[in-house]
Amino acid sequence: MSSIEAFSATEIIAAKRDRHSLSDPQIDWIIDAYTRGAVADEQMSALLMAILLNGMESREISRWTDAMINSGERMNWSVLSRPTVDKHSTGGVGDKITLPLAPLVAACGAAVPQLSGRGLGHTGGTLDKLESIPGWRASLSNDEMLKVLQDVGAVICAAGAGLAPADKKLYALRDVTATVEAIPLIASSIMSKKIAEGTSALVLDVKTGAGAFMSDPAKAAELAHVMVGLGKRAGVKTIALVTAMDVPLGLTAGNALEVRESVEVLSGGGPSDIVELTVLLAREMLEIAGIKTIDPAQALKNGKAMDVWRRMISAQGGDPDAKLPVAKENLVVTAHSSGTVLAMDAMAVGLGAWRLGAGRTRQGEAVQAGAGIEIHAKPGESIKAGAPLFTLHTDTPAAFVRAQEALIDSVTIGDLPTNGKIDRLPLVIERIVD
Ligand code: URA
């Protein structure tokens with residue numbers, strides 16, 4: 001390291017190792033120095049592990065977030081005539097809500113500038129899903145993004161290299177050093193990107209349950225509080241819902257399968273849990289954006305949201321009428337016994353879809369557009385022995401064995417309890433406003 005550096009990385013690592021809080025200048029320096037390559041990966045890895053073990057106070061998290069924002073550009077949508085509002089989900093199995101939600105909220109009068117990611121591990125990425133639409137392009141320049149927002153009202157695209165570059169480096173390092181699961185690091189990573197994206201208002205959907213990466217509802221609520229605080233301090237109107245991810249959302253997990261289901265929702269049909277969460281989040285987004293005119297449930301039923309979806313897909317080179325890719329092979333998995341489906345493990349379904357080719361193991365790997373799982377019976381529904389429970393889809397039939405292994409104990413079938421209720425998390429567990 002050059003002698004003109006303001007701080008020493010080892011002193012900063014030692015301070016966090018010894019449970020001291022880091023000063024604002026120390027945080028500014030370490031993020032900047034790591035982004036420009038003056039702090040080595042092994043030093044940042046040690047610091048991240050010390051943060052995971054010893055935590056950060058709220059001032060440190062806030063400064064760490066600001067330093068990540070300042071590592072790149074901050075987008076500005078003030079030329080738009082509509083208020084901007086976005087949604088971020090911490091990710092779950094079958095969570096395709098962004099697809100119907102962004103056009104729905106735009107149809108109700110807001111502008112939705114959504115920068116999304118690709119999937120890694122058992123949860124799918126919004127960009128991977130949309131890329132199953134023939135011709136659709138995830139990478140847009142800032143000018144193209146603005147034009148789609150002006151013309152259509154909603155845009156979903158990849159974050160450019162200039163947005164929070166510190167987070168890009170840090171996230172890749174956390175992924176390989178077992179330091180993803182630290183609330184200060186998750187909160188600052190998500191919020192640095194959302195604040196830099198330039199939205200004026202934000203609704204966070206923090207998932208909890210077996211299929212979420214915060215399976216404990218108390219931890220999910222803690223993460224939500226930290227993120228809401230970061231948003232507000234940065235001048236972004238922010239609220240969070242902690243929502244259920246014990247069971248997959250909807251009836252599909254996999255890229256093209258989820259697009260098909262989203263189009264069903266935009267056509268006024270689709271699974272009730274997807275419709276309910278989409279409308280609920282749309283109401284939250286419109287309220288926080290100060291728009292009171294239209295009921296989103298109506299805009300979903302009367303085709304207005306579908307109209308925006310079609311224009312949004314076309315504006316990014318996609319053909320909304322094109323046939324979606326279908327996997328070459330499929331296999332039906334049947335129920336072993338008769339009764340009521342009492343539980344379905346979202347993580348197992350996500351892992352099964354991933355093993356079929358819907359997800360990737362390494363960044364940059366290709367995903368299969370048609371791969372994934374269709375669910376034929378959800379918790380609360382009755383099923384007969386031998387009836388279809390899942391249909392597995394893949395281009396690589398050798399994957400069926402490993403996917404079936406993932407699903408082996410994923411479903412519990414039995415007698416409905418005498419109170420007639422199955423043991424499930426409510427769809428919305430908590431609403432967090434500060
Ligand atoms: N998503 C992010 O963008 N960052 C995290 O740290 C976790 C999930």
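The values are calculated or read from the model by the stated rules, or taken from the named source; none is laboratory data. Since we're looking at a predicted model, the values are computed, not measured. A quick note on method: Cβ atoms are made from the backbone with ideal geometry, for glycine too, and the neighbour counts reach across all protein chains shown.
Assorted remarks:
- Only residues that are surrounded by 12 or more Cβ atoms within 10 Å (Cβ to Cβ) and without any contact (Cβ under 8 Å) to a residue 24 or more places away in the chain were counted across the stretch 8-19, and they come to 3.
- Of the residues making up the stretch 51-66, those that are crowded, with 20+ Cβ neighbours inside 10 Å and either within 26 Å of Asp151 (Cβ to Cβ) or over 23 Å from the mean Cα position of the chain (by Cα) (or both) are Ile51, Met56, Glu60, Arg63.
- Any hit, the stretch 101-116, residues being under 19 Å from the mean Cα position of the chain (by Cα), among the polar types (S, T, N, Q), closer than 17 Å to Thr84 by Cβ and assigned to a strand (DSSP E or B): yes
- Enumeration of residues in the stretch 157-173 that are touching a Gly at 6+ places or on another chain (Cβ under 7 Å) and either within 16 Å of the ligand (Cβ to nearest atom) or of a type in the set (D, E, K, R) (or both): Leu163, Ala164, Pro165
- Of the candidates Ala154, Ala224, the single residue that is away from the ligand (no atom under 15 Å from the Cβ), among the small types (Gly, Ala, Ser), buried (at least 24 other Cβ atoms within 10 Å of the Cβ) and at pLDDT 95 or above is Ala154.
- Here is the figure for the stretch 330-379: residues that are at pLDDT 95 or above, assigned to a loop (DSSP other than H, G, I, E, B) and among the acidic types (Asp, Glu) total 1.
- Within the stretch 87-110, considering residues that are away from the ligand (no atom under 16 Å from the Cβ), in contact with a Leu (Cβ under 8 Å, 6 or more places away or on another chain) and of a type in the set (A, V, I, L, M, F, W, C), the one farthest from Glu287 (Cα to Cα): Leu99
- Single residue of the stretch 174-188 satisfying the filter (over 17 Å from the mean Cα position of the chain (by Cα) and more than 9 Å from the ligand (Cβ to nearest atom)) that is modelled with the highest pLDDT: Pro184
- Any hit, the stretch 142-151, residues being within 16 Å of the ligand (Cβ to nearest atom) and of a type outside the set (Phe, Trp, Tyr): no
- Checked against (1) away from the ligand (no atom under 13 Å from the Cβ); (2) assigned to a helix (DSSP H, G or I); (3) of a type in the set (Ser, Thr, Tyr), Ser215 meets all criteria but (2).
- Per-region count, the stretch 141-181, residues outside any helix (DSSP H, G or I) and not small (Gly, Ala, Ser): 9
- Qualifying residue in the stretch 290-307 (condition: β-branched (Val, Ile, Thr), in a helix (DSSP H, G or I) and closer than 23 Å to Ser81 by Cβ): no
- Meets criteria (among the hydrophobic types (A, V, I, L, M, F, W, C) and part of a loop (DSSP other than H, G, I, E, B)) for Ala138: yes
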